[in-house]
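Derivation of every value follows stated rules applied to the coordinates shown; laboratory data play no part. Computed from a predicted model, the values in this text were never measured in an experiment. We place every Cβ from the backbone using ideal geometry, glycine too, and count neighbours over all the protein chains shown.
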Ligand code: HPA
């Protein structure tokens, strides 16, 4: 990785050549950025409004670099509501990326599989989400009092590009992601409720950021790495270390997928 740089040097570099894409890497997934040739790296703590992440498996740094011929901003780690951050802080990286010229937001996360075919190690492209992080963001009033309609924030063009980019021998699932606040994993009854609502996977991030990106006019996509069967569906109790290890085992595959996606953008 490159030497730690100042935030100002990174914003200057983005002003000179705006990055096309921002990539947000979730728990245990820093290795996905192996294909990135770094130009400048800034720790989250040096970015106004961001703080160092407190979660194991999240490095907490922002790198501007080149990847598959594209200029890319990579956020290694994210801030979570369950760490005590406000939704403003959680969505700040997305607003920052948009301000630096990014047009495409690709997020990755670790998630628990609810649908029967989503076992540990599966990758699922999110095509819509269920926002279970109260208070509901759709209760925030729009300019006229009533909020706007809320289509899925995930762009069909990017969903199609991700399907094209998938390795032929390993088809990529699509599904609905339920976003919960954490920090506790869900109860088995909550997972049954989410399944009845149509959720295919569950996790503690991504949805608010995708909504923020959509609201700013970014094309958004997200990929869940299924790290465990959701509560009550697998044998053993859920464990964060296991989540990290399963996510880390998929980094090479995710890295290839992201590279092939960037090549097709
Ligand atoms: N639930 C919520 N978040 C998660 C899970 C889960 O089962 N696995 C990884 N992140």
Can you give me the distance in nm between label points at residue 260 and residue 189, each placed 7 Å from the Cα along the Cα-to-Cβ direction?
4.4 nm
At what distance in angstrom do the alpha carbon centres of region 1-41 and region 188-219 lie from each other?
26 Å
Could you give the angle, 0 to 90 degrees to the nearest 10, between helix 251-264's Cα long axis and the longest principal axis of the Cα atoms of the chain?
60 degrees
If we sort 205-217, 112-124, 10-22, 229-241 on the protection proxy, mean other Cβ atoms within 10 Å, highest first, what's the order?
205-217, 112-124, 10-22, 229-241
Which number do you get for Rg(Cα) / (2.2 N^0.38 Å) in region 1-111?
0.97
At a Förster distance of 35 Å, what's the computed FRET efficiency of residue 12 paired with residue 167, Cβ-Cβ distance as r, to 0.05?
0.40
When the chain is treated as a GNM, springs tying every alpha-carbon pair under 10 Å, which of 149, 30, 224 comes out with the largest mean-square fluctuation?
149
Compute the Rg to Rh ratio over the chain from the alpha carbon atoms, using the Kirkwood formula for Rh, and round to two decimal places.
0.94
Only helical DSSP H runs with n ≥ 4 go in: add -39500 (n - 2.57) per run for the chain, normalise by residue count and round the 222 nm mean residue ellipticity to 500 deg cm²/dmol.
-8500 deg cm²/dmol
Taking the chain as a Gaussian network, where each spring joins two C-alpha atoms under 10 Å apart, which residue of 247, 199, 178 fluctuates the most?
199
Cβ crowding within 10 Å averaged over residues, with 252-261, 98-107 ranked highest first
98-107, 252-261
Sort 77-83, 186-192 for me by packing, meaning the mean count of neighbouring Cβ atoms within 10 Å per residue, highest on top.
77-83, 186-192
Relative contact order of the chain, defined on C-alpha pairs under 8 angstrom at six or more residues apart (%):
26 percent
Can you tell me what share of the DSSP beta bridges in region 115-265 is antiparallel? A percent to the nearest 5 is fine.
30 percent
Report for the chain the percent antiparallel among DSSP-assigned beta bridges with both residues inside it, nearest 5.
40 percent
Where does helix 240-249 land angle-wise versus the long Cα axis of the chain, in degrees 0 to 90, nearest 10?
60 degrees
Any idea what the relative contact order of region 1-124 is, in percent, if you count C-alpha pairs under 8 Å spaced at least 6 apart?
32 percent
Fewest to most neighbouring Cβ within 10 Å: what's the order for 185, 154, 177?
185, 154, 177
Compute a Gaussian network model of the chain, connecting alpha carbons closer than 10 Å, and tell me which residue from 227, 181, 108 fluctuates the most.
181
